[in-house]
Amino acid sequence: MSENPRSTVLVSGATGLMGTAVTRELLSRGHRVRAMSRSVDRARIELGSYPEGRTGLDEGRLTFVEADVTQPQTLDEAVREVDAVAQTAQFPGAPVEDPDKGLTYMNVDRNGTVNLLQAIARVYEARTAGPGITRFTQRAPHFLYLSGVTVEEGSANVWDRAKWQAEEAIRGSGLDWSIVRASPAYGPEDKSFNRLIGYSDYQPFVAIFGDGNEKLTPVYVGDVGRIFARLLEERDRVRDLTLPFGGPQVVTMNDLLRTMLEVMGRRRRLLHIPKPVGKAQALVLQFLPGRFLTPDAVEFTAQGGVADLTLLRETFPDFELTPLREGLASYLG
Ligand SMILES: NC(=O)c1ccc[n+]([C@@H]2O[C@H](COP(=O)([O-])OP(=O)(O)OC[C@H]3O[C@@H](n4cnc5c(N)ncnc54)[C@H](OP(=O)(O)O)[C@@H]3O)[C@@H](O)[C@H]2O)c1
């Protein structure tokens, strides 16, 4: 039962894999979504292609705002008069950074989150109420953030450091907040696992970096939408929580790809490209037009990530996660 029915939520990154899942789930539960995109026309077409999006448009519950998290002047209107902000923006081409174009974890993920927090502080009139204490003159929105399962302070990886710093800014913002540290997600629109498996359309093998033995808890993207909705609706009961979130099964990358192939009814070999070989290739490829690989991106794709679900079970004991094979069969079968 919803404790906060009919909220208005700004979703940044609403056209992305995760943001679309969040948007669709919120709309299906009767909430209002203000979808942020750098192109409102494209976002209207993309989100309007889903049943929940169409209904949301017809009922006036799905609206749009053209804004960019790296452009602070675009954000004040975006965050005005909302009950919550769900930040799921991610730079195009991730995990391949392109510093010349400002497409980096630090610029979009960390600074973008800080820019959103600062816009909220301006619009809802933050003031200092003592050392390290921020209060808002107006009722300020709840802040939901999509982080990663491997995030930790002092990580060697820039993507985890950027997200840690974004998390810290949220925790220190004076807002009520919820952070979801999600495992790698799969679903019909995911561009990473589906791209890997897509090579099996015309190759007798599927190639991956590393030995494929890294463990992960792949999560169905719809489950990410559902946990965001629960955190929103139950924010009076559950807040200021950093929640590890993943699928119900721990598998290796090899297991995951083999299960995908099995569900598709395909027999293909997995070809393992040693990470040092991948990184050596990437050292050259990163300077070619299109910049489709960097050494960091090789590391990122072979990273894995297992979510400890203890806190999820304690906080939302009735929350059911989609079993891996069932989730995959819903779009690959
Ligand atoms: N995918 C996963 O498996 C996974 C797992 C754990 C955590 N996460 C985290 O979840 C977040 C979203 O990931 P995703 O896979 O959904 O990303 P995605 O599919 O690449 O989508 C990200 C969206 O961000 C928007 N965007 C890009 N640059 C922007 C900017 N400067 N200002 C505002 N919006 C911008 C884009 O929308 P427009 O083009 O419409 O502006 C895009 O649709 C990321 O932080 C990621 O690290 C993802």
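The values are calculated or read from the model by the stated rules, or taken from the named source; none is laboratory data. What you are looking at is a predicted structure, and each value in this text was computed from that prediction instead of being measured. A quick note on method: Cβ atoms are made from the backbone with ideal geometry, for glycine too, and the neighbour counts reach across all protein chains shown.
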request  = Identify, from the list 231, 243, the residue that is crowded, with 21+ Cβ neighbours inside 10 Å, modelled with pLDDT of 95 or more and under 26 Å from residue 171 (Cβ atoms).
outcome  = 231
ask   = Looking at this structure, is residue 258 basic (Lys, Arg) and without any contact (Cβ under 8 Å) to a residue 24 or more places away in the chain?
value = yes
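What number of residues within the range 55-84 are more than 12 Å from the ligand (Cβ to nearest atom) and either of a type outside the set (Lys, Arg) or modelled with pLDDT under 95 (or both)?
Here is the first cut: in the range 55-84, the residues more than 12 Å from the ligand (Cβ to nearest atom) are 55-63, 73, 76-77, 79-84.
Keeping just the survivors that are either of a type outside the set (Lys, Arg) or modelled with pLDDT under 95 (or both) gives 55-60, 62-63, 73, 76-77, 79, 81-84.
Qualifying residue count, the range 55-84: 16.
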query = If a residue has to be more than 16 Å from residue 114 (Cβ to Cβ), in a helix (DSSP H, G or I) and not acidic (Asp, Glu) to count, how many in the range 55-88 make the cut?
reply = 3
ask   = Of the residues that make up the range 131-150, is at least one within 17 Å of residue 246 (Cβ to Cβ) and in a loop (DSSP other than H, G, I, E, B)?
value = yes
key: Per-region count, the range 25-35, residues assigned to a helix (DSSP H, G or I) and without any contact (Cβ under 8 Å) to a residue 40 or more places away in the chain   = 2
task = Would you mention how many residues in the range 123-172 are surrounded by 14 or more Cβ atoms within 10 Å (Cβ to Cβ), more than 25 Å from residue 229 (Cα to Cα) and basic (Lys, Arg)?
result = 1
remark   = Within the range 36-54, of all residues that are more than 9 Å from the ligand (Cβ to nearest atom) and in a loop (DSSP other than H, G, I, E, B), the one farthest from residue 22 (Cα to Cα) is 49
inquiry  = Please verify whether residue 93 is touching a residue at least 40 places away in the same chain (Cβ under 8 Å), near the ligand (Cβ under 10 Å from one of its atoms) and not in a helix (DSSP H, G or I), treating the condition exactly as stated.
reply    = yes
inquiry  = Looking only at residues that are at pLDDT below 95 and touching a strand residue (DSSP E or B) at 6+ places or on another chain (Cβ under 7 Å) in the range 185-205, which one is nearest to the ligand (Cβ to nearest atom)?
reply    = 193
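Which one is surrounded by the most Cβ atoms within 10 Å (Cβ to Cβ) among residues in the range 287-304 that are among the charged types (D, E, K, R) and out of contact with any Gly (no Cβ under 8 Å at 6 or more places or on another chain)? Spell out how you get there, then give the answer.
Taking the range 287-304 as the starting set, the residues that turn out to be among the charged types (D, E, K, R) are 291, 296, 299.
Subset that is out of contact with any Gly (no Cβ under 8 Å at 6 or more places or on another chain): 296, 299.
Working: 296: 18, 299: 20.
Only one residue tops the list, namely 299.
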